[in-house]
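Report on one structure; see the data block that follows.
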Amino acid sequence: MTTTGSLLPLIGILSDGRFHSGSELGRQLGISRSAIWKNICKFAELGLEVHAVRGKGYKLKYPLTLLESSRIYAGIPDGTRSSILQLEILDTIDSTNSHAMRLIQQGKLSLQPGQYSIHLAEQQSDGKGRRGRQWISPFGQNIYLTMVRLIDTGVIATEGLTLAVGLAIIRALRELKVPGMGVKWPNDILVEGRKLAGILLEISGDISGICQLTIGVGINVRNQPESMEQVSQPWTDLYQVTGKAMNRNLLVSQVVCHIMSALKEFENNGLKSFIAEWQDNDVMKDQQVELVTTRSSVQGIARGISETGALLLETSQGMQVINGGEVSLRKSALNDS
Ligand code: BTN
């Protein structure tokens, strides 16, 4: 943990995006104006840009809402809330998935089947994406969420689960009036070919018995373009897509509720009840695509998914059934011709 925690009260006051004078801030926080200035200087390390104007004070370039567990809980109905064992909000962590998996390894999470432990961070210093990629995670701008759940039916029962989680996120965002989204196999939410959200599912424990599902979700809410310079894929965020600032606490409540209800649906019916919805939202369906693995690449036409959530790829050698793993799918250059 860094010293970010001590900056939170100051960030909290400035989060409204208005000017606050040094003396007003000092008075509210019970520290001197020069201590305020020293703290403001640390904001750059968090990627938070501040305007300092003589006679007016300080203002955040982009207003933000800090995550608050009481606000998140307020958006979750009682029946659903009772399945949440704990909800933790961290200022800074390497990765919420790694953090949750450490808690599991250290025996610090004693979940019953059906219960959830929820971990959020304002910032990740080593956020993980699929295929060993980094998930750039600047402070206060996005959602970095991990939900842990115990299952006692072995790994095989989780086949296709990532797809159900992707659809749950789409359902949650549609309820919040986010337009134009689609899914890209196996775990991306896109808007007009640009990545809005991604899922990283990790499983630990006994692969044929009790295991822990660590469901990591990253959603781009409002990124400062400067923070995203290292991201090589085309990306977008909710601010660009809707033109409005999104309340991150409400967003977390919605996403958590929808993931929990999708997991229940998945537990009862498997992937079956999600397949038609997947096909309706699949941005790659019937497109010429290239499937890239660490060693090779295959061209073909994406034909949706199988009953277990594998990708169906029509190639010159016939239909190939591609299970998840370290593969990535992209539109083939042939599409552009
Ligand atoms: C991907 O699309 O490559 C998956 C991205 C998953 C990112 C989330 S952010 C919260 C959780 N913690 C991590 O380190 N990764 C996931």
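The values are calculated or read from the model by the stated rules, or taken from the named source; none is laboratory data. All figures in this text were calculated on a predicted structure; none of them were measured in a lab. Ideal geometry is used to build each Cβ from the backbone, glycine not excepted, and the neighbour counts take in all protein chains shown.
Condition test on residue 134, is it touching a Lys or Arg at 6+ places or on another chain (Cβ under 6 Å) and either modelled with pLDDT under 95 or farther than 19 Å from residue 214 by Cα (or both)? Judged against the criteria, residue 134 is not a match. Considering only region 108-120, state which residues are among the aliphatic types (A, V, I, L, M) and either farther than 20 Å from residue 83 by Cα or within 11 Å of the ligand (Cβ to nearest atom) (or both). Once the filter is applied, which keeps residues that are among the aliphatic types (A, V, I, L, M) and either farther than 20 Å from residue 83 by Cα or within 11 Å of the ligand (Cβ to nearest atom) (or both), region 108-120 yields only 120. Residue 264: surrounded by fewer than 16 Cβ atoms within 10 Å (Cβ to Cβ), closer than 30 Å to residue 72 by Cα and among the basic types (Lys, Arg), yes or no? The answer is yes for residue 264.
Inside region 63-104, residues that are away from the ligand (no atom under 16 Å from the Cβ) and not in a strand (DSSP E or B) make up a count of 19.
Counting only residues that are of a type in the set (Asp, Glu) and touching a strand residue (DSSP E or B) at 6+ places or on another chain (Cβ under 7 Å), which one in region 181-208 is farthest from the ligand (Cβ to nearest atom)? So the residue we want is 202.
Among the residues of region 35-57, none qualifies, meaning not one is more than 16 Å from the ligand (Cβ to nearest atom), in a loop (DSSP other than H, G, I, E, B) and in the same structural domain as residue 244 (by TED's automatic domain parsing).
In region 121-150, the residue that is surrounded by the fewest Cβ atoms within 10 Å (Cβ to Cβ) out of those that are more than 8 Å from the ligand (Cβ to nearest atom) and within 15 Å of residue 101 (Cβ to Cβ) is 150. Contact annotation: residue pairs with Cβ atoms under 7 Å, 6 or more positions apart or on different chains, pairing a residue in region 153-169 that is closer than 16 Å to residue 185 by Cβ and at pLDDT below 90 with a partner that is buried (at least 19 other Cβ atoms within 10 Å of the Cβ) and not basic (Lys, Arg), are 159/309.
Counting the residues of region 85-97 that are out of contact with any helix residue (DSSP H, G or I) (no Cβ under 6 Å at 6 or more places or on another chain) and surrounded by 18 or more Cβ atoms within 10 Å (Cβ to Cβ) gives 4.
Answer with yes or no whether residue 316 is out of contact with any Ser or Thr (no Cβ under 6 Å at 6 or more places or on another chain) and more than 18 Å from residue 162 (Cα to Cα). It is true that residue 316 is out of contact with any Ser or Thr (no Cβ under 6 Å at 6 or more places or on another chain) and more than 18 Å from residue 162 (Cα to Cα).
When each of 35, 52 is tested for being more than 26 Å from residue 246 (Cβ to Cβ), surrounded by 15 or more Cβ atoms within 10 Å (Cβ to Cβ) and at pLDDT below 95, the lone residue that passes is 35.
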